[in-house]
Amino acid sequence: MKDVSTTAAASPLVMGKRRFRNHIGAAMTSFAVIAALSACANPTSNQDVVPLPEPETSAPATGQPEITPEEPVGTSKPSVSLPQLPVGGQGTFVDDEQSLQCANVSWIVQEDAAQLQDGIRIAIDGFRLDVHTFQITGSGCEDEGPTCIGYTFTSQSGNPACSLAVLTRRPLSVAPKNLRLKIAGTIQCVDVGLSTCQAFVEAARKDSGSIELDIPSVDTPETPTSDTQSSGDHTDEPADGESTPTSGESPTSGEATSSETAQTFL
């Protein structure tokens, strides 16, 4: 005969174990469901991983400006180099010897799209002129305006905008055939839209111009002295009264043509 008191006492214990097993089972089921959802939300395959976007509040929190599609990160401002800018002006000698002249340079265009405006600047890169006759120097025309060497045209540029000091190479035995000074530069669109920048560049390219330099006087060749005429160094020279100066004093026609617009970069 079983002890009823012992059985009765054991019953609560058995029931407690069953409840514990039920709780454990329910908990394990919950953990399994959570694990499955986690696996779906965070796949282990690298091909399926999609980086999460930054929260919308990240930009104000870091103080960074909002980037729009029209201005992506890392995009530099457009710039275009032109070999001949739309400039004009006149060179004028400032000394009696006609050795130094100041070429006053202005931005001159016909189309409204190429007018100087805020957000666009044009940096001078170099000059083209007859290097057999002229030479650019950095001083001598300060009274006329700022030097054109390293000058940048802006909406605040005056008329003339700058002045370039040009020396005459002496002695000059032949009058120059090319008196045009051309200026190269780079258009920089720093604070305008792309369409405005493109219109400005196209209009400036169509209106390319130049500056007309003053005509320097030709140096008179020295008259040979009696000692030079009697010198034996010229016994082999043909006695021709119409002969031009000796070779080397003036370039050949081919050489003059090839150097009339040699470019000088500063």
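Summary of computed values
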item	result
Vicinal HN-Hα couplings computed from phi for segment 157-174 (Karplus, 6.51 cos²θ - 1.76 cosθ + 1.60; Hz; Gly/Pro x)	5, x, 9, x, 7, 8, 9, 10, 7, 10, 9, 8, 6, 10, x, 10, 9, 10
Ratio Rg/Rh, restricted to segment 64-203 and using Cα atoms, in which Rh is the Kirkwood radius	1.09
Amide H contacts of LEU100 (H built 1.01 Å from N, under 5 Å, at least 5 apart or other chain)	VAL94, ASP95, THR168
Mean separation of Cα contacts under 8 Å, 6 or more apart, over the residue count of segment 84-212: relative contact order %	41
Sum of side-chain charges, GLN101 neighbourhood, beta-carbon under 10 Å (Lys, Arg +1; Asp, Glu -1)	-2
In nm, spacing of pseudo-spin labels at ASP219 and ASP96 (7 Å Cα→C-beta vector)	1.9
Environment charge of THR168, counting only residues whose C-beta is closer than 11 Å and scoring Lys/Arg +1, Asp/Glu -1	-3
Residue-wise HN-Hα coupling along segment 94-99, computed from phi with Karplus coefficients 6.51, -1.76, 1.60 (Hz; x: Gly, Pro)	10, 9, 5, 7, 6, 9
Most to least packed among 115-125, 170-180 [average Cβ atoms within 10 Å]	115-125, 170-180
Proximal charge balance of ALA113 [Cβ under 13 Å; K/R count +1, D/E count -1]	-2
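Laboratory data are not the source of any read-out in this text; all were calculated from the coordinates shown. Note that the structure is a prediction, hence the values are computed from the model and not measured. Cβ atoms come from the backbone with ideal geometry, glycine included; neighbour counts cover every protein chain shown.
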